[in-house]
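Read through the structure below, which is laid out as structure tokens, and then see the notes.
The values are calculated or read from the model by the stated rules, or taken from the named source; none is laboratory data. Being a predicted model, the structure only gives us computed values, none of them experimental. Cβ: placed from backbone, ideal geometry, glycine included. Neighbour counts: every protein chain shown. Side chains are part of the model used for accessible areas, which takes the heavy atoms of the whole protein and leaves out ligands, DNA and RNA. Shrake-Rupley method; radii C 1.70, N 1.55, O 1.52, S 1.80 Å.
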Amino acid sequence: MTQVEAPAWTPMTADERARFDRDGFLVVPGVLSPSEIDIARGAILGAFERAAQPGGHGLSATGSLHQLSAVTTLPELAFLLDHPVAFRYIWSLLGWNVHVYHSHIDVHPQIHEKQKDWWHWHQDGGRQNREIETDPRPMMSVKLAYWLSDVSEPGRGNFTVLPGSHKTNWLPGPPTRGVPWPQPEGAIQITANPGDVVVFDRRLWHARSDNYSPITRVGAFFGYTYRWIAGRDETADLPNRPEWAGFSGVQRQLLGHAGDGSGDHAWGHFPQTTPLYGVLREQGLLDSSIPALIP
Ligand SMILES: O=C(O)CCC(=O)C(=O)O
């Protein structure tokens, strides 16, 4: 499958860009149609059931699934990689020389027993937060969180963020993650309906929250970054899979397979053979006021 439905490509608006810059995230309502929600949710719940079987991926102690490499796990999710309504934020913010470096599907059923305290707050990017010396550190990547269950009330395992924290390198926290510690002042649980998407700057301080509600939380997360940053997802074998034939050039690029596979190509030296560049050029969307969109 490539794209389920194909709305026109348009850039994010100036107002959205200003809000994203101020808050470090945007909540975009109604990105997925009901049929797209059914496809993605059904696929993820199927993976959840298989994971629980003997020999499957396995579930956590509380019966949840957190499985990396979303499209390798479920090729039918490929349409989420470049869904025009969500993907517009990625190329508007990061430009055309991008791939998905990290993705996961998540299913969190109700937890029945109060969990011990654990400090989940983090910025994405792992060692980027140790090894880059600037203050603030650069954005480098943006993540899309697709919601496929109703988290329209707090307490349903909502995505928790500290608005405006993306330009702050350090958040005061406990000495070790297991030490009880109050939530950061100003933290909010984001509420969303199935089909909504949260777009967030990887530097935004964020955390998963526990789901004590009876509504199983279902989501899919895709982190995009420049192709000159190594991918963490396992996608090497995807071209050998039958579904590969149905993937578009942009989807293949996002899965780490564009051009001749050389470092020079990943550095962006060959825009003409980089699928996303081609699509943006054809559609007249290479806005030269945005540095990442300039060839
Ligand atoms: O599952 C969540 O709500 C948080 C996910 C998260 O921490 C991440 O995507 O980096």
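Give the residue that is nearest to G186 (Cα to Cα), with candidates limited to residues of segment 11-42 that are in a helix (DSSP H, G or I) and open to solvent by less than 40 Å² (accessible area, probe 1.4 Å). Break it down stepwise before answering.
In the first step, residues of segment 11-42 are kept if they are in a helix (DSSP H, G or I); the result is 14-23, 34-42.
Of the ones still in play, those that are also open to solvent by less than 40 Å² (accessible area, probe 1.4 Å) are 16, 20, 23, 36-37, 40.
Details: E16: 21, F20: 17, D23: 12, E36: 34, I37: 31, A40: 32 Å.
Only one residue tops the list, namely D23.
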**OP:** May I ask you to say which residue of S213, S209, S248 is touching a residue at least 40 places away in the same chain (Cβ under 8 Å) and under 18 Å from L74 (Cβ atoms)?
**Re:** S248
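Take A8 and decide whether it is outside any strand (DSSP E or B), buried (at least 20 other Cβ atoms within 10 Å of the Cβ) and either in contact with a helix residue (DSSP H, G or I) (Cβ under 7 Å, 6 or more places away or on another chain) or modelled with pLDDT under 95 (or both).
Numbers: outside any strand (DSSP E or B): yes; buried (at least 20 other Cβ atoms within 10 Å of the Cβ): no; either in contact with a helix residue (DSSP H, G or I) (Cβ under 7 Å, 6 or more places away or on another chain) or modelled with pLDDT under 95 (or both): yes.
Taking the combined requirement at face value, the residue does not satisfy it.
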**OP:** Tell me which residues, restricted to segment 157-187, are under 11 Å from W119 (Cβ atoms) and of a type in the set (A, V, I, L, M, F, W, C).
**Re:** L171, V179, W181
Original post:
If you check every pair at least six apart or on different chains, which have Cβ atoms under 8 Å apart with a residue in segment 178-206 that is over 23 Å from P84 (Cα atoms) first and a residue that is buried (at least 20 other Cβ atoms within 10 Å of the Cβ) and at pLDDT below 95 second?
Top reply: none
Original post:
Can you name every residue in segment 251-288 that is out of contact with any helix residue (DSSP H, G or I) (no Cβ under 9 Å at 6 or more places or on another chain), modelled with pLDDT under 95 and small (G, A, S)?
Top reply: G261, S262, G263, G284, S288
Original post:
What pairs can you find where one residue is in segment 218-239 and of a type in the set (D, E, K, R), the other is in a helix (DSSP H, G or I) and modelled with pLDDT of 95 or more, and their Cβ atoms are less than 7 Å apart, with a gap of 6+ or different chains?
Top reply: R227/A266; D233/T72; E234/T72
Subject >> Close pairs (8 angstrom Cβ cut-off, 6 or more residues apart or separate chains): under 19 Å from Q110 (Cα atoms) and at pLDDT 95 or above in segment 145-173, more than 15 Å from the ligand (Cβ to nearest atom) and of a type in the set (K, R) anywhere >> reply: L148/R41; S149/R41
Original post:
What number of residues within segment 231-250 are touching a strand residue (DSSP E or B) at 6+ places or on another chain (Cβ under 7 Å) and of a type in the set (G, A, S)?
Top reply: 1
